[in-house]
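Q: Sharing a structure below in structure tokens format, with a few things to ask.
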Amino acid sequence: MSIKSHKIIQFLIILLFGFLPLINSRLLELFGINISLGVSGNYEFTKVMYFNIISSLIILGYGFQIILNKQRIFISKNSIMFLSIIWLVMLISSYFSTSPFISFFGNNSKAHSFLMWNNLIGISYILFNILDKKLFKQINITIIVPAILLSILGIKELYFPSFDYGGLSNRLLSTFGHPNYVALFLILIIPYVVDVTLKTKNKIKKLIFLGIGILLFITLILTKSAIGIFLGISYLLYSVLPLSSKGKNIGGIITIIIGALLILKFYPEKIHSFVSRFYIWDTTLNIIFSDIKILTLGVGFENLSHFFDIHKSEYLYIFENIGFTADRPHNIFLQFFVHLGIGGLAFISYIYYIILRQLRYRKHYNYSLFLGSIFLLFNFASIASYLIVIVYLIYSIKENSKYKKTTHLIPPLFYFIIISCFALINIFYSYKIYVSETLAYKQEYNKAIEIFPYNPDNFYQIGEVEKGGEIEKIQSEKYFISIIVKGSNLVSDCNNLIIYYPTVENYFYCGEILEKFGFENESIHLYKKGVEKLPDLWNKNSKYHDMFLIKYFVDSKRFLSPKYSRLQEILKKIGK
């Protein structure tokens, strides 16, 4: 590859890292350009669309140079095999998934689809070949800039909001769709900032990075991510305190105890959230082992919500809310397991093995990977964080292990050409999907369909239910609800929804619909069936009252609070 071409590829990679954390659907509104898709979730959707397009250009440009100049790919055999196998696992799982459309293209909330992962693997091929100390240093410096900007913007928006952030208005979102996205991004960067602050002998540079570190820690605290704050403070104490290994271990235990007590004191609501994680995991495991196909191939990317309500643990109604549906398991192992089956579990297990093995080298990027790996045991990641993890992981492998970089042309070139083909598709469809979603957000569904005629949601919105179901490849809840909305045969249509998706929410939904149209007996019957699936926390003789977690951390009147006013009405109707 020529020096000029090499620099262009490096520039695009740095551009990707520099702008990806800042891109979101509302950033341009601050400058008077209104292309909003909403706040929660769709910030991430916009980031993924940006990543798909820029990373596709990088992959295509790099592949074109290799073929044109007949150059070899410098990568180890193990790396080739690993990347190729996981790519095949993702492709097969997506093809045979519950809804191939969603698996390949993603949803309009996150778009963490096969096309996104295809490009992440393509970028990994390139980084294995070109990532060196100079580029690694440039990337580290580059990501500091958006970290500073998103911190400043996040603090400004928290106290002087330009938009209505709904239920997340008391937590720092900044340019991400969820506070946990921000927390993980900062957790990955903080070790580098601390490392430079402690090691540099230049006083001005030390003061600059000290100021940056303080800003990032303030931002992290304002996200109110309990696990993020705990990890950040723990790492800071570990790095700063001049203790022996034994002393640091003891200090770590003390930090855990103090951290837990502080969380209980200042963020008592986090207990509900933390406990609910275990029941989300329980629900996810029930889904995985409910079908041999799911166990082996998974449900595909972004398809968990199709199954979650059916298998939902009753305790989630206590520690979360009626209507709560997880679209991710809040655990990275279960995420890959449920999405990709056994192959996905093997993949993420091997990644964790590498992270733990590389930790012995005690470099800032290894600490970042370790902190991130703990965070992801309870949370989820943005595309911006995935990209940092990949760079740190590849650099750690190349620098600190017996990495044998050998020259190859085939099979790596063969796989890279296939990945490049998907990258070409990615540019075309990511642009069309984004434009289509902006039109759908403005309720211009027919125009949205003209731009991208493969989104079932837009067909459901205009009443073409069968067309939407044909694209979706499954009879989803949206499919049945769209039929109910048409109102041709309410009782029969509601029964069909209940047969396929017998959830509390659907019993109540249909009960309310039938009540509104005068089907009193049918409505009462559905209300009763829905209530039977709920933990009877309002009953003093309930088995749930004596459970430790519920007794000490949940108000027994929770279901009778104003938050559940609709449930109070239903209980009165059925005589409870």
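Q: Only one of (1) of a type in the set (Gly, Ala, Ser); (2) surrounded by 24 or more Cβ atoms within 10 Å (Cβ to Cβ); (3) outside any helix (DSSP H, G or I) is not met by Ser162, so which one is it?
A: Ser162 satisfies every listed condition except (2).
Q: Only one residue in Leu149, Leu168, Leu207 is surrounded by fewer than 21 Cβ atoms within 10 Å (Cβ to Cβ), touching a Ser or Thr at 6+ places or on another chain (Cβ under 7 Å) and more than 30 Å from Leu60 (Cα to Cα). Which one?
A: Numbers: Leu149 fails: touching a Ser or Thr at 6+ places or on another chain (Cβ under 7 Å); Leu207 fails: touching a Ser or Thr at 6+ places or on another chain (Cβ under 7 Å).
Within the list Leu149, Leu168, Leu207, the selection yields Leu168.
Q: Has the range 73-90 got any residue that is assigned to a loop (DSSP other than H, G, I, E, B) and surrounded by fewer than 20 Cβ atoms within 10 Å (Cβ to Cβ)? Walk me through it before giving the result.
A: Step one: of the range 73-90, the residues assigned to a loop (DSSP other than H, G, I, E, B) are 75-76.
The next check asks that each one be surrounded by fewer than 20 Cβ atoms within 10 Å (Cβ to Cβ); those that pass are 76.
Yes: one or more hits.
Q: Could I ask something else about it? Would you point out the residue of the range 510-528, among those that are surrounded by 18 or more Cβ atoms within 10 Å (Cβ to Cβ) and out of contact with any Ser or Thr (no Cβ under 9 Å at 6 or more places or on another chain), that is farthest from Thr325 (Cα to Cα)? Let's see the steps before the verdict.
A: Residues of the range 510-528 surrounded by 18 or more Cβ atoms within 10 Å (Cβ to Cβ): 510-511, 513-514, 519, 522-523, 526-527.
Restricting the remaining residues to those that are out of contact with any Ser or Thr (no Cβ under 9 Å at 6 or more places or on another chain) gives 519, 522-523, 526-527.
Details: Phe519: 28, Glu522: 26, Ser523: 24, Leu526: 20, Tyr527: 20 Å.
Selected residue: Phe519.
Q: Still on this model: Looking for something in a loop (DSSP other than H, G, I, E, B) and either crowded, with 24+ Cβ neighbours inside 10 Å or modelled with pLDDT of 85 or more (or both) - is there at least one such residue anywhere in the range 48-60?
A: Quick first cut of the range 48-60, residues in a loop (DSSP other than H, G, I, E, B) only: none.
Checked against the condition, which is being in a loop (DSSP other than H, G, I, E, B) and either crowded, with 24+ Cβ neighbours inside 10 Å or modelled with pLDDT of 85 or more (or both), the range 48-60 yields no hits at all.
Q: For residues in the range 316-349 being of a type in the set (Phe, Trp, Tyr) and crowded, with 21+ Cβ neighbours inside 10 Å, which is farthest from Pro535 (Cα to Cα)? Quick ask: steps written out before the conclusion?
A: Kept after step one, since they are of a type in the set (Phe, Trp, Tyr), are these residues of the range 316-349: 317, 319, 324, 333, 336-337, 347.
Imposing the further condition that a residue be crowded, with 21+ Cβ neighbours inside 10 Å reduces the set to 317, 319, 336-337.
Working: Tyr317: 7, Phe319: 11, Phe336: 30, Phe337: 29 Å.
By that ranking, first place goes to Phe336.
Q: Among the residues of the range 379-395, what is the count of those that are in contact with a Lys or Arg (Cβ under 7 Å, 6 or more places away or on another chain), among the hydroxyl-bearing types (Ser, Thr, Tyr) and either farther than 14 Å from Lys47 by Cα or without any contact (Cβ under 8 Å) to a residue 40 or more places away in the chain (or both)? I'd like the intermediate steps shown before the answer.
A: Taking the range 379-395 as the starting set, the residues that turn out to be in contact with a Lys or Arg (Cβ under 7 Å, 6 or more places away or on another chain) are 380, 382-384.
Cutting the leftovers down to among the hydroxyl-bearing types (Ser, Thr, Tyr) gives us 382.
Narrowing the set further to residues that are either farther than 14 Å from Lys47 by Cα or without any contact (Cβ under 8 Å) to a residue 40 or more places away in the chain (or both) leaves none.
Of the residues in the range 379-395, 0 are in contact with a Lys or Arg (Cβ under 7 Å, 6 or more places away or on another chain), among the hydroxyl-bearing types (Ser, Thr, Tyr) and either farther than 14 Å from Lys47 by Cα or without any contact (Cβ under 8 Å) to a residue 40 or more places away in the chain (or both).
Q: Quick check on my filter: what residues within the range 74-126 are within 20 Å of Ile390 (Cβ to Cβ), out of contact with any strand residue (DSSP E or B) (no Cβ under 8 Å at 6 or more places or on another chain) and of a type in the set (Val, Ile, Thr)?
A: Ile85, Ile86, Val89, Ile121, Ile123, Ile126
Q: Only helices (runs of 4 or more DSSP H) wholly contained in the range 272-331 count here; list those with 2 or more residues that are touching a residue at least 60 places away in the same chain (Cβ under 8 Å), touching a Lys or Arg at 6+ places or on another chain (Cβ under 6 Å) and within 27 Å of Met116 (Cα to Cα). If you could, list the steps in order and put the result at the bottom.
A: Details: elements: 292-297, 305-311, 316-319.
Those helices (runs of 4 or more DSSP H) do not exist here; none qualify.
Q: Still on this structure, I have one more. (1) part of a helix (DSSP H, G or I); (2) touching a helix residue (DSSP H, G or I) at 6+ places or on another chain (Cβ under 7 Å): which one isn't true of Trp538, the others all being true?
A: (1)
Q: So is Thr197 touching a residue at least 60 places away in the same chain (Cβ under 8 Å), polar (S, T, N, Q), touching a Leu at 6+ places or on another chain (Cβ under 8 Å) and assigned to a helix (DSSP H, G or I) or not? Reasoning before the result, please.
A: Numbers: touching a residue at least 60 places away in the same chain (Cβ under 8 Å): no; polar (S, T, N, Q): yes; touching a Leu at 6+ places or on another chain (Cβ under 8 Å): yes; assigned to a helix (DSSP H, G or I): yes.
No: the conditions fail for Thr197.
Q: Of the conditions (1) at pLDDT below 85; (2) surrounded by 17 or more Cβ atoms within 10 Å (Cβ to Cβ), Leu222 fails just one. Which one is it?
A: With respect to (1) at pLDDT below 85; (2) surrounded by 17 or more Cβ atoms within 10 Å (Cβ to Cβ), Leu222 is out only on (1).
Q: Got at least one residue in the range 178-189 being within 21 Å of Phe370 (Cβ to Cβ) and over 23 Å from the mean Cα position of the chain (by Cα)? Even if it seems obvious, please write down each step before you answer.
A: So in the range 178-189, the residues within 21 Å of Phe370 (Cβ to Cβ) come out as 180-189.
Checking which are over 23 Å from the mean Cα position of the chain (by Cα) leaves us with none.
Scanning the range 178-189 turns up no residue that is within 21 Å of Phe370 (Cβ to Cβ) and over 23 Å from the mean Cα position of the chain (by Cα).
Q: Just to be sure before I move on: is Leu497 among the aliphatic types (A, V, I, L, M) and more than 24 Å from Glu302 (Cβ to Cβ) in the structure I sent?
A: Values: among the aliphatic types (A, V, I, L, M): yes; more than 24 Å from Glu302 (Cβ to Cβ): no.
For Leu497, the condition - among the aliphatic types (A, V, I, L, M) and more than 24 Å from Glu302 (Cβ to Cβ) - is not met.
Q: Sort through Val299, Val240 and tell me the only one that's surrounded by fewer than 21 Cβ atoms within 10 Å (Cβ to Cβ) and modelled with pLDDT of 70 or more.
A: On the way: Val299 fails: surrounded by fewer than 21 Cβ atoms within 10 Å (Cβ to Cβ).
Step by step, each of Val299, Val240 is checked, and only Val240 is surrounded by fewer than 21 Cβ atoms within 10 Å (Cβ to Cβ) and modelled with pLDDT of 70 or more.
Q: Here's something else I'd like to know. Determine, yes or no, whether Leu222 is farther than 22 Å from Arg277 by Cα and not acidic (Asp, Glu). Walk me through how you get there before you give the answer.
A: Values: farther than 22 Å from Arg277 by Cα: no; not acidic (Asp, Glu): yes.
No: the conditions fail for Leu222.
Q: Just to be sure before I move on: is Asn118 in contact with a helix residue (DSSP H, G or I) (Cβ under 6 Å, 6 or more places away or on another chain), touching a residue at least 60 places away in the same chain (Cβ under 8 Å) and outside any helix (DSSP H, G or I) in the structure I sent? I'd like the intermediate steps shown before the answer.
A: Numbers: in contact with a helix residue (DSSP H, G or I) (Cβ under 6 Å, 6 or more places away or on another chain): yes; touching a residue at least 60 places away in the same chain (Cβ under 8 Å): yes; outside any helix (DSSP H, G or I): no.
No, not satisfied.
Q: Collect the residues in the range 286-333 that are more than 25 Å from Phe548 (Cα to Cα) and of a type in the set (Phe, Trp, Tyr), keeping them in residue-number order.
A: Of everything in the range 286-333, those that are more than 25 Å from Phe548 (Cα to Cα) and of a type in the set (Phe, Trp, Tyr) turn out to be Phe289, Phe301, Phe307, Phe308, Phe333.
Q: Determine, yes or no, whether Val531 is crowded, with 17+ Cβ neighbours inside 10 Å, more than 13 Å from Ile574 (Cβ to Cβ), in contact (Cβ under 8 Å) with a residue 40 or more places away in the chain and among the hydrophobic types (A, V, I, L, M, F, W, C). Before you say what the answer is, go through the steps one by one.
A: Numbers: crowded, with 17+ Cβ neighbours inside 10 Å: yes; more than 13 Å from Ile574 (Cβ to Cβ): no; in contact (Cβ under 8 Å) with a residue 40 or more places away in the chain: yes; among the hydrophobic types (A, V, I, L, M, F, W, C): yes.
No, not satisfied.
The values are calculated or read from the model by the stated rules, or taken from the named source; none is laboratory data. Since the model is a prediction, treat every value here as computed from it, not as a measurement. Note that we place each Cβ from the backbone using ideal geometry, even for glycine, and neighbour counts take in every protein chain shown.
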